[in-house]
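One structure below.
The values are calculated or read from the model by the stated rules, or taken from the named source; none is laboratory data. All values derive from a computational prediction rather than experimental measurement. Positions of Cβ are backbone-derived with ideal geometry, glycine not excepted, and every protein chain shown enters the neighbour counts. The protein model used for the area step is the full one, side chains on, heavy atoms only, and it has no ligands, DNA or RNA in it. Shrake-Rupley method; radii C 1.70, N 1.55, O 1.52, S 1.80 Å.
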Amino acid sequence: MNVSPASTFAPEIEVRILDERLHAWGLPRYQTDLAAGIDLIACLDAPLRIEPQAAAQLVPTGLAMHMDSDAFFAMIVARSGLGHKKGLVLGNGTGIIDADYMAQIYVSVWNRNPAGEAIVIEPGDRIAQLLFVPVVRPRLKVVAEFSGDSARGQGGFGSTGVAAKG
Ligand SMILES: O=c1ccn([C@H]2C[C@H](O)[C@@H](COP(=O)(O)OP(=O)(O)OP(=O)(O)O)O2)c(=O)[nH]1
């Protein structure tokens with residue numbers, strides 16, 4: 001399927017390069033025409049060794065951006081291969097970059113491997129990816145009782161069970 005860039009929501013945002021080494025390592029860009037995210041690069045001065053299950057560490061990306069929009073935000077997620085094969089995941093599960101955040105973006109890295117295998121991140125490694133995600137910011141109105149009803153009603157967490165229904 002071909003998607004014309006003109007048919008997608010593609011606002012322009014300002015990005016600052018805080019680490020000049022990114023000019024050689026790779027400026028923020030989509031790796032393929034339809035890649036969902038841009039890779040984030042470890043702007044480290046020396047290799048970083050992460051022991052299994054050790055405390056999460058913050059890695060600078062050398063990037064700052066100002067989305068300045070109420071229509072979307074950015075989300076840091078693991079790179080699929082690194083997370084699945086090597087065990088390099090995010091210490092905060094998912095990193096949320098608010099649209100009003102203008103400082104350097106950091107990646108919280110964690111080695112989820114159970115034991116033994118350390119992970120070494122080299123300066124310039126692509127360690128995670130950044131996705132831009134539309135967001136809805138509804139106005140929150142506090143009420144005593146809900147005005148409508150639903151099939152689930154007041155059934156709580158897990159109330160629909162696990163069996164597949166025909
Ligand atoms: O993985 C991350 C997560 C967050 N941030 C930055 C961008 C985000 O806008 C800001 C604050 O994040 P968040 O609101 O999730 O964290 P907080 O602990 O509530 O911090 P704050 O008090 O600054 O809102 O930190 C990162 O650089 N990397």
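Which condition breaks for VAL142 when tested against (1) free of Cβ contacts under 8 Å to residues at least 24 places away in the same chain; (2) not in a loop (DSSP other than H, G, I, E, B)?
Of (1) free of Cβ contacts under 8 Å to residues at least 24 places away in the same chain; (2) not in a loop (DSSP other than H, G, I, E, B), only one is false for VAL142: (2).
Condition first: among the acidic types (Asp, Glu) and surrounded by fewer than 17 Cβ atoms within 10 Å (Cβ to Cβ). Now tell me which residues in the stretch 105-127 satisfy that.
Selection gives GLU117, GLU122.
Residues of the stretch 61-90 being among the small types (Gly, Ala, Ser), out of contact with any Gly (no Cβ under 9 Å at 6 or more places or on another chain) and crowded, with 17+ Cβ neighbours inside 10 Å, which ones?
Matches in the stretch 61-90: GLY62, ALA78, GLY87.
So how many residues does the stretch 95-104 have that are open to solvent by less than 60 Å² (accessible area, probe 1.4 Å) and closer than 16 Å to LEU40 by Cα?
Final tally of qualifying residues: 4.
For the stretch 24-44, which residues satisfy the criterion of being open to solvent by 30 Å² or more (accessible area, probe 1.4 Å) and within 15 Å of ILE127 (Cα to Cα)?
Correct list: TRP25, LEU27, PRO28, ARG29, TYR30, GLN31.
Can you tell me how many residues within the stretch 139-166 are under 33 Å from the mean Cα position of the chain (by Cα) and either closer than 29 Å to ASP70 by Cα or open to solvent by 100 Å² or more (accessible area, probe 1.4 Å) (or both)?
9
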